[in-house]
2 protein chains.
Amino acid sequence: MNISPLQKARYEYSPKLPGMLRNGISDICVKVGDATTSVADQDKIKALFPNTYGKEEITFQKGSNTSAAKKQVVGVILSGGQAPGGHNVICGLYDALKATDKSNVLLGFKGGPSGLIDDDFVEFDDAFIDAYRNTGGFDIIGSGRTKLETEEQFKVVTEVAKKHGLTAIVIIGGDDSNTNAAVLAEYMAANNTGVQVIGCPKTIDGDLKNEDIEASFGFDTATKTYSEVIGNIERDANSAKKYWHFVKVMGRSASHVALECALETQPNICLIGEEVKAKKMSLSQIADQVADSVAKRAANGDNFGVAIIPEGIVEFVPEFSVLIAEINELLAGKKTEEFNALPNWDAKYNFIKAGLTAESFAVFDILPTLIQQQLFLE
Amino acid sequence: MNISPLQKARYEYSPKLPGMLRNGISDICVKVGDATTSVADQDKIKALFPNTYGKEEITFQKGSNTSAAKKQVVGVILSGGQAPGGHNVICGLYDALKATDKSNVLLGFKGGPSGLIDDDFVEFDDAFIDAYRNTGGFDIIGSGRTKLETEEQFKVVTEVAKKHGLTAIVIIGGDDSNTNAAVLAEYMAANNTGVQVIGCPKTIDGDLKNEDIEASFGFDTATKTYSEVIGNIERDANSAKKYWHFVKVMGRSASHVALECALETQPNICLIGEEVKAKKMSLSQIADQVADSVAKRAANGDNFGVAIIPEGIVEFVPEFSVLIAEINELLAGKKTEEFNALPNWDAKYNFIKAGLTAESFAVFDILPTLIQQQLFLE
């Protein structure tokens, strides 16, 4: 195949490795630390994970690799939304396995977790891996969102693992996928299968990082891609000089993407959920803050600008959480039927007014009708 | 100001010039060709443009510049949607004027054509121009969409031109802006103002090019930007392997953007308006073609793909043009009131059924209700 100069340069790029990995696989040793605990709900989690809870913290450092030499057969899956970096995790796994022993094997299970259950796999070799180095996407083996959670699924996975002689399963994915990995690890440990389960985190939120890895993959791509688009929109705003652009960015339970994009693109306004929560801001305070900024620029003759809004902003507003809780209460059990049977929105509106506390109704009442109706659709 | 390495590299870039301009401004001479004619409606256009119609074609070539030396004071405006390249047109104008004579002046009128009327301007100097070299956007002087078309506006523009001693006005913009330029040029010629009016074309369509300029600016950016996004979507489609993505791209009266993006990104499907027109395809033939492609891939186990659809595709469908003409006829004059007075969509639907030819009603009837209703909203 003819490849373009860009493809050639991309293949030749050598990704920067975390410090602990730079000396090669034979110069890494394990440092065993203190027993770990969960951040909260220790007893509950310990009960759910009796075989895997409280293990010692493991870090890697420079030193002589004293692991017992044994043939490794590792299975890897990609899970959830794609992010550039996923292919390189697989390439890195492959390189490390082959650097340790040429007879080690890396299997890729196709289409996400379901590949493990359907035993749909490919065995990687140099040519296969080399074609995907430094490329984006999860198309090397495809991705999927099947949940691994039932005893039956775990039994099938154990059979598949036994058939291939798997010594480890690596799951590359987000929160859900790593929950899958934790539950599967517990099963594998409880049943003495000898199969390690390793979760490799990928997240759109910027909350997973350490001294060696400055940002998780996913977050890095999302913020750079958004920032390019937001930068273009800012150029546009400053060219036409007559539009305000409101840009919604990903981030439901954290506003890290919004914050990073704001640092990169310097918009006129950026809402940060964590700030809204810390200041216990109300919806009207947020609206006032935005409106005041727009008015201040207008007073200066600048009737244009750019605002970044994280998609989950409303979930950080304390009064809104109370409203949602009251709505859930209002529609609990048979009351949903009663509500749905009402002939029109006016009747429903009065039902809502009668059912909410005065405080929550005040919050509800400043929302546009369309949003009010949406809240009662779900 | 501290500038980033990227900004520094961008400022230092020297754009590739068309062959005829590479030898510098003093080595360009004018070649006068045959009298020009319009592509169609010659008599009508000649009547509208008695002073500017039928002028000789002018091309530039290498040779000694024999223009009479006179001080040039040029005004420039940016018009319509921004496109990277607009700033460089202004930088190029500035460079050529200053290379000819340091005392030449370039004025930028702000915020589009209205800047010419409001006499809102900036005089460019080296520092101002250098800060915008090779940058995107139209923010150097802002853009706008005011039409220049009334006698009154032209009188004001003439006064402004006289005040500054303008020898030429350069209008950088699209179809509408170049129509403005043509009408203004006719006025300036008819009134012996001595002001040249020059249109510099910018277009999202790929239909303006010649031996020296391989693509107009606007088209170049749009296709590269779209192609980057479409390429990412293709990676995504091939990672998740379960979605079809339909990507609408700009291009109302031409499908050049769709075609160029398809050549760059190799999607599974791309509709081309010009092809639809040449083959006299019907809406159902187009739908069948798309559905057949989806089915063929599905038969191969590939339930995913990417299709590029130009926004103006439907205007190329002959039967649809007939339908639109019949709808306009159906609602002509007082019949709109009659139609709007009908109590509900069923009544309107029957009115439409009775009013259209059987052929056009058949076309109308395969459209989703929402689209049917939209056709009668306008």
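For region B:36-47, backbone phi angles converted through the Karplus equation (6.51, -1.76, 1.60; θ = phi - 60°) give residue-by-residue couplings of 8, 9, 7, 5, 8, 6, 4, 5, 4, 5, 4, 5 Hz, Gly and Pro being listed as x. Counting Cα-Cα pairs of chain A in 10 Å increments starting at 0 gives whole-percent bin shares of 4, 17, 23, 23, 18, 11, 4, 0. Taking every DSSP beta bridge that has both ends in the protein assembly as shown, the antiparallel portion is near 25%. Among B:F316, B:F60, sorting on how many other beta-carbon atoms sit within 10 Å of each Cβ, with the fewest leading, yields B:F60, B:F316. Phi angles of region A:185-197 translate, via the Karplus equation with coefficients 6.51, -1.76, 1.60 and θ = phi - 60°, into HN-Hα couplings of 4, 4, 4, 5, 6, 4, 9, 6, 7, x, 9, 6, 10 Hz per residue; Gly and Pro are given as x. Between copies, B:F60 shows label-point distances of 5.9 nm, shortest first, with the point placed 7 angstrom from Cα along Cα to C-beta. Relative contact order of chain A, taken over Cα pairs closer than 8 Å and 6 or more residues apart, is 12 percent. For A:I366, the label point sits 7 Å beyond Cα toward Cβ; its separations from the matching points on the remaining copies run 5.1 nm, from shortest to longest. In sequence order, region B:250-258 has phi-based couplings of 5, x, 8, 9, 8, 9, 4, 4, 4 Hz under the Karplus curve 6.51 cos²θ - 1.76 cosθ + 1.60, θ = phi - 60°, and Gly or Pro positions carry x. A point 7 Å from Cα along Cα→Cβ stands in for A:T37, and the other copies hold the same point at 9.3 nm, listed in rising order. Against the empirical curve 2.2 N^0.38 Å, the C-alpha radius of gyration of region A:57-122 lands at a ratio of 1.30.
If you take each beta carbon of peptide B:238-245 and count the beta carbons of other chains within 10 angstrom, what is the mean? Mind showing how you got there, number by number?
Details: counts 6, 17, 12, 8, 5, 0, 0, 0.
Whole-number average of other-chain Cβ neighbours for B:238-245 is 6.
Our estimate of slack between B:S14 and B:D118, defined as 0.36 nm per intervening residue step minus the Cα-Cα distance, is 34.0 nm. Pairwise Cα separations in region A:305-349 fall into 5 Å bins from 0 onward with the following percentages, short to long: 5, 17, 16, 17, 14, 14, 8, 5, 3, 1. Close amide-amide hydrogen proximity is noted between B:V76 and B:L107, B:G108, B:F109, B:V170, each under 5 Å apart and 5 or more residues distant or on a separate chain (H modeled in the peptide plane; Pro and chain starts excluded). For A:K8, the aspartates and glutamates whose Cα falls under 12 Å of its own Cα, not counting residues fewer than eight places away in the same chain, are A:D130. Under a model in which nothing but the beta-carbon of Lys, Arg (+1) and Asp, Glu (-1) is charged, region B:14-66 shows a dipole of about 240 debye around its Cα centre.
Using only C-alpha positions, report the orientation-averaged shadow area of the convex hull of the protein assembly as shown, nm², one decimal.
Values: hull surface 176.6 nm².
Quarter of the Cα hull surface area: 44.2 nm².
Normalising the average separation of contacting C-alpha pairs (under 8 angstrom, six or more residues apart) by the number of residues puts the relative contact order of region B:318-375 at 47 percent.
Could you calculate the contour length gain from A:D175 to A:A299, that is, 0.36 nm times the residue separation minus the distance between their Cα atoms, to one decimal place in nm? Could you put the intermediate results ahead of the total?
Working: separation 124, 0.36 × 124 = 44.64 nm, distance 4.56 nm.
Stretched out fully, the A:D175 to A:A299 stretch lengthens by 40.1 nm.
Using packing as a proxy for protection, rank B:63-73, A:211-221 so that the peptide with the highest average count of other Cβ atoms within 10 Å comes first. Display every interim value, and only then the final one.
Values: B:63-73: 11.2, A:211-221: 16.9.
In decreasing order of mean packing, B:63-73, A:211-221 become A:211-221, B:63-73.
Distant-in-sequence amide contacts of A:G206, defined by a placed amide H-H separation under 5 Å and a gap of 5 or more residues or a different chain, comprise A:H256, A:V257.
In chain A, taking the dipole from charged Cβ atoms about the Cα centre, the farthest positive-side position among A:P5, A:V170, A:I25 is held by A:P5. Can you give me the Rg/Rh ratio for region B:219-316, using Cα atoms for both radii and the Kirkwood formula for Rh? Rg/Rh: 0.97.
Which FRET efficiency value, to the nearest 0.05, is calculated for B:L48 and A:Q285 with the Förster distance at 60 angstrom and r the Cβ-Cβ distance?
Numbers: r = 59 Å, r/R0 = 0.98.
For R0 = 60 Å, the calculated efficiency reads 0.55.
For region B:1-91, taking the reciprocal of the average inverse distance between every pair of different Cα atoms yields a Kirkwood hydrodynamic radius of 17.5 Å. Quick one: helix A:318-330 against the long Cα principal axis of chain A, what's the angle to the nearest 10°, folded into 0 to 90? Long axis of A:318-330 versus the principal axis of chain A: about 90 degrees.
Placing unit charges on each Cβ (+1 for Lys and Arg, -1 for Asp and Glu) gives chain A a dipole about its Cα centre, and among A:V322, A:N300, A:T221 the Cα reaching farthest toward its positive end belongs to A:T221.
All other residues with a Cβ under 11 Å from the Cβ of B:G54 taken together, and with Lys, Arg as +1 and Asp, Glu as -1, what is their net charge? Walk me through the numbers before you get to the answer.
On the way: positive: B:K46, B:K55; negative: B:D34, B:E56, B:E57.
With Lys, Arg at +1 and Asp, Glu at -1, the neighbours total -1.
For the protein assembly as shown, with only Lys/Arg (+1) and Asp/Glu (-1) charged at the beta-carbon, what is the dipole magnitude about the Cα centre, in debye rounded to 20?
Numbers: 74 positive and 102 negative charges, 246 e Å.
Here the protein assembly as shown has a charge dipole of around 1180 debye.
Is there a quick way to get the dipole size of chain A? I mean about its Cα centre, with the Cβ of Lys and Arg at +1 and of Asp and Glu at -1; what is the value in debye to the nearest 20?
It works out to roughly 660 debye.
Per residue, the average separation of C-alpha pairs within less than 8 Å and at least 6 apart gives region A:253-337 a relative contact order of 40 percent.
How would region B:142-244 be classified by its alpha-carbon gyration tensor: rounded, prolate or oblate, with rounded meaning a/c under 1.5 and the a/b versus b/c comparison settling the rest? Prolate is the answer for region B:142-244, as a/c is 1.5 or above and a/b outweighs b/c.
Given region B:276-378 reduced to its alpha-carbon atoms as identical point scatterers, what log10 I(q)/I(0) does the Debye formula return at q = 0.12, 0.13 Å⁻¹? Relative scattering, expressed as log10 I(q)/I(0), comes to -0.51, -0.58. For B:V247, the residues whose amide H sits under 5 Å from its own are B:A307, B:I308, B:I309, ignoring neighbours fewer than 5 places away on the same chain, with H placed 1.01 Å from N.
With both residues required to sit in chain A, DSSP beta bridges show an antiparallel share near 25%.
Packing around the peptides B:99-111, B:339-351, taken as the average count of other Cβ atoms within 10 Å per residue, puts them in this order, highest first: B:99-111, B:339-351. Rg then Dmax, both in Å and based on the Cα atoms of region A:196-245: 16.6, 58.
Which entries of B:K31/B:K209; B:K46/B:K277; A:K110/B:K224 have Cα-Cα distances beyond 23 Å here? Over 23 Å Cα-Cα: B:K46/B:K277; A:K110/B:K224.
For the peptide B:230-237, the mean number of other protein chain Cβ atoms found within 10 angstrom of a residue's Cβ is 3. Relative to the longest principal axis of the Cα atoms of chain B, helix B:86-100 runs at roughly 20 degrees. For A:H245, A:H87, the sequence from fewest to most other C-beta atoms within 10 Å is A:H245, A:H87. Counting every C-alpha pair in region A:28-163, the share spaced more than 24 angstrom apart comes to 48%. If I take R0 = 60 Å and measure r between the Cβ atoms of A:Y243 and A:K102 in this structure, what FRET efficiency does the formula 1/(1 + (r/R0)^6) give, to the nearest 0.05? FRET efficiency, A:Y243 to A:K102: 0.50. Rounded to whole Å, the principal axis extents of the Cα atoms in region B:318-375 read 30, 23, 18, largest first.
Put in order of Cβ neighbour count within 10 Å, fewest first, the listed residues B:E260, B:E56 become B:E56, B:E260.
Between region A:183-216 and region B:92-168, the alpha-carbon centres lie 60 Å apart. Any chance you could give the angle, 0 to 90 degrees and rounded to 10, that helix A:283-299 forms with the longest Cα principal axis of chain A? Compared with the principal axis, the helix lies near 80 degrees.
If R0 equals 22 Å, the separation of the Cβ atoms of B:V156 and B:N192 corresponds to a calculated FRET efficiency of about 0.80.
Each reported figure results from applying straightforward, stated rules to the coordinates on display, with no laboratory input. Note that this is a predicted model, so its numbers are computed, not measured. Positions of Cβ are generated from backbone atoms using ideal geometry, with glycine treated the same way; all protein chains shown enter the neighbour counts.
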